[in-house]
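Enquirer: First the structure, then my questions, so here it is.
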Protein chains: 2
Amino acid sequence: MSLAPLFRPIDVAPAYQKVADAIEREIVNGRIKPGDPIGTEHDLVRQFGVNRSTIREGIRVLEEGGLISRDSSRRLHACLPRYSKLTSRLSRALVLHEVTFRELYEASMTLEVASIEGAVERATEENLAELADNLLRSEAVVGDAAALAECDAEFHVLVAKASQNRVLQLAREPAAQLFYPTTEMIVTGVAEGGPRLVAAHRHLIDAIRRRDSEAGVLWTRRHLQDWRRGFEKIASLDRSVEHMYMEHAQAARRR
Amino acid sequence: MSLAPLFRPIDVAPAYQKVADAIEREIVNGRIKPGDPIGTEHDLVRQFGVNRSTIREGIRVLEEGGLISRDSSRRLHACLPRYSKLTSRLSRALVLHEVTFRELYEASMTLEVASIEGAVERATEENLAELADNLLRSEAVVGDAAALAECDAEFHVLVAKASQNRVLQLAREPAAQLFYPTTEMIVTGVAEGGPRLVAAHRHLIDAIRRRDSEAGVLWTRRHLQDWRRGFEKIASLDRSVEHMYMEHAQAARRR
DNA sequence: TTCGTCCCTTTGTCCGACAAAGTTAATGAC
DNA sequence: GTCATTAACTTTGTCGGACAAAGGGACGAA
């Protein structure tokens, strides 16, 4: 028979990890608020009683997690993790897991429909203004595939924002980051692509303004189906997301 | 007038960042495959021609991003980023952004319904076996709130897995990580909670087996509404997610 | 073969150092 | 007194070297 568990496993995390955990705890607990300065590396050396190299390794961990960052003068301060930074990690993971466009399409269909429903229900005047502004800019660049694709991506971010649901905003982001880069290829390849895209956006804004949920859902579906039809002219939906999208995401992250 | 752009901005990233980027590129490009060993720190010192401290900072960045990890003997190797590790970062972000339970509830409603629809359509026998096994274990611990809550969380992970859609699996995870810890409180507080939860799971498995999408969606809705009713007996849906959940997530991450 | 021992490698941590860039304070001009 | 300039100090990024602890491998003994 086995002995009764007298001892709990002891915590033997390396020092840099303990440093990172300690700072993380303070931030998550709210004792350090977003924007608050963390000390200099030398301060932390004194407080934790470990070497500066060790502190620096801990800092890298937190920095990568988006919990702290350095301002223009490279001083450390806590910050609210930006979704886009975190979700680019997830997009990368999806690429490495070789997910297919079919998976992206299906998930996006769900997430974008949910976004528009939320937006129809709760969009503010400010949200509508942002969307209208985006539409104007889209119409101006309807001939430029790259610029239009960027506008399209922003449009859907704005719709999600208008849903006032940050969980949804965050959940749709990894898929969107992989999904929308293809838009450029499609708009380039399909003659009617650009105008149809802008028309769909117009109908979506209209639906939000009229609080017409059915129309919103309908046009979101059509919009995505347009994407799908365009994509299938180029490649199979069952192809896995390619590494080229990763490069796109990398460039975006650095921006 | 301004001069024509003769020069592109030069890349002045710190060395540790360049090291991390270089290794990341190789992994994402597929030249280093998951499981492949990265060299020792000393190897990397030689290859990159920088100091070991610099290499180590770069390694911390990649490690935190889930792209590389150390095996039992602490040697470095590339790996497929685990969703759960990455999404715990997102959960943390949601806590810091002080999202409300209403947002979690609404998003989860969408995501779990999509999961069950996928599962009904595409679940394999193996998926069903896993779900059945989970149900058995749930029934065995129906009186133990903590154990039951854990089973519930696993159940929904398995449903998402059965949908065969990894994008969906990933998208639902951050919300689920914050959502399901409350299950324990609810099962404890509401007398009928445990049995109702297990009954819902039974109906869901049944719906998947019979490929009955409507029943699946119906019972998912009921299941979530049960959660909501239980939760509202304890607190307002508009309360922001508390820091206590963060601690829960931290403990889980360390496991 | 299996076990234990010795040696080498690797990691985690420490110390001290320095150049570059930023910050602060003091200085001088108006 | 205000503003610009310079000098002194601080902080970061990087480097070199060092050492203890733990792991892995080779070697020989039972």
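The values are calculated or read from the model by the stated rules, or taken from the named source; none is laboratory data. Every value quoted in this text rests on a predicted model; they were computed, and no experiment measured them. A quick note on method: Cβ atoms are made from the backbone with ideal geometry, for glycine too, and the neighbour counts reach across all protein chains shown.
Enquirer: Got a number for residues in segment B:41-59 being free of Cβ contacts under 8 Å to residues at least 12 places away in the same chain and either among the aliphatic types (A, V, I, L, M) or in contact with a His (Cβ under 6 Å, 6 or more places away or on another chain) (or both)?
Expert: 1
Enquirer: Please specify each residue of segment B:56-81 satisfying the condition of being near DNA strand D (Cβ under 8 Å from one of its atoms) and either among the polar types (S, T, N, Q) or assigned to a helix (DSSP H, G or I) (or both).
Expert: B:GLU57, B:SER72, B:SER73
Enquirer: All but one of (1) within 13 Å of another protein chain (Cβ to nearest Cβ); (2) over 20 Å from B:LEU104 (Cβ atoms); (3) not hydrophobic (A, V, I, L, M, F, W, C) hold for A:PRO174; which doesn't?
Expert: (2)
Enquirer: Something else about it: Out of all the residues in segment B:66-84, which are on the phi > 0 side of the Ramachandran plot and within 10 Å of DNA strand C (Cβ to nearest atom)?
Expert: Once the filter is applied, which keeps residues that are on the phi > 0 side of the Ramachandran plot and within 10 Å of DNA strand C (Cβ to nearest atom), segment B:66-84 yields only B:ARG74.
Enquirer: A:PRO181 fails exactly one of the following numbered conditions: (1) more than 14 Å from chain B (Cβ to nearest Cβ); (2) modelled with pLDDT of 95 or more; (3) closer than 26 Å to B:SER115 by Cα. What is the number of that condition?
Expert: Every listed condition holds for A:PRO181 apart from (2).
Enquirer: What is the residue count in segment A:24-52 for residues that are within 17 Å of A:ARG74 (Cβ to Cβ) and either facing chain B (nearest Cβ under 9 Å) or more than 13 Å from DNA strand C (Cβ to nearest atom) (or both)?
Expert: So the count comes out to 5.
Enquirer: Quick check on segment B:96-121: of everything there that is of a type in the set (D, E, K, R) and touching a residue at least 60 places away in the same chain (Cβ under 8 Å), which residue is nearest to B:HIS156 (Cα to Cα)?
Expert: Here the residue is B:GLU112.
One line per residue, one yes/no per condition, for (1) modelled with pLDDT of 90 or more; (2) in contact with a strand residue (DSSP E or B) (Cβ under 7 Å, 6 or more places away or on another chain); (3) under 30 Å from B:GLU173 (Cα atoms); (4) in the same structural domain as A:ALA119 (by TED's automatic domain parsing):
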| position | (1), (2), (3), (4) |
| --- | --- |
| A:VAL141 | yes, no, no, yes |
| A:VAL187 | no, no, no, yes |
| A:GLU192 | no, no, no, yes |
| A:ARG210 | yes, no, no, yes |
| A:GLU214 | yes, no, yes, yes |
| A:GLN225 | yes, no, yes, yes |
| A:LYS233 | no, no, no, yes |
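Enquirer: Mind listing whichever residues of segment B:67-93 are facing chain A (nearest Cβ under 8 Å) and in contact with a Phe, Trp or Tyr (Cβ under 9 Å, 6 or more places away or on another chain)?
Expert: Result: B:LEU90, B:ALA93.
Enquirer: Give all pairs with beta carbons closer than 9 Å in which a residue from segment A:28-40 that is within 20 Å of A:ILE55 (Cα to Cα) and modelled with pLDDT under 90 meets a residue that is more than 16 Å from DNA strand D (Cβ to nearest atom) and hydrophobic (A, V, I, L, M, F, W, C); count only pairs at least 6 apart in sequence or on separate chains.
Expert: As it stands, the answer is A:VAL28/B:VAL95; A:VAL28/B:LEU96; A:VAL28/B:MET246, since those pairs meet every condition given.
Enquirer: Keeping to segment A:60-95, report how many residues are over 17 Å from the mean Cα position of the chain (by Cα) and free of Cβ contacts under 8 Å to residues at least 12 places away in the same chain.
Expert: Selection size over segment A:60-95: 8.
Enquirer: To continue, here is another question. Somewhere in segment B:105-119, is a residue of a type outside the set (Ser, Thr, Tyr), within 14 Å of chain A (Cβ to nearest Cβ) and part of a loop (DSSP other than H, G, I, E, B)?
Expert: No, because not a single residue in segment B:105-119 is of a type outside the set (Ser, Thr, Tyr), within 14 Å of chain A (Cβ to nearest Cβ) and part of a loop (DSSP other than H, G, I, E, B).
Enquirer: Right, here's the next one. Of all residues in segment A:26-55, which are assigned to a loop (DSSP other than H, G, I, E, B) and within 10 Å of DNA strand D (Cβ to nearest atom)?
Expert: A:ILE38, A:GLY39, A:THR40, A:ASN51, listed by residue number.
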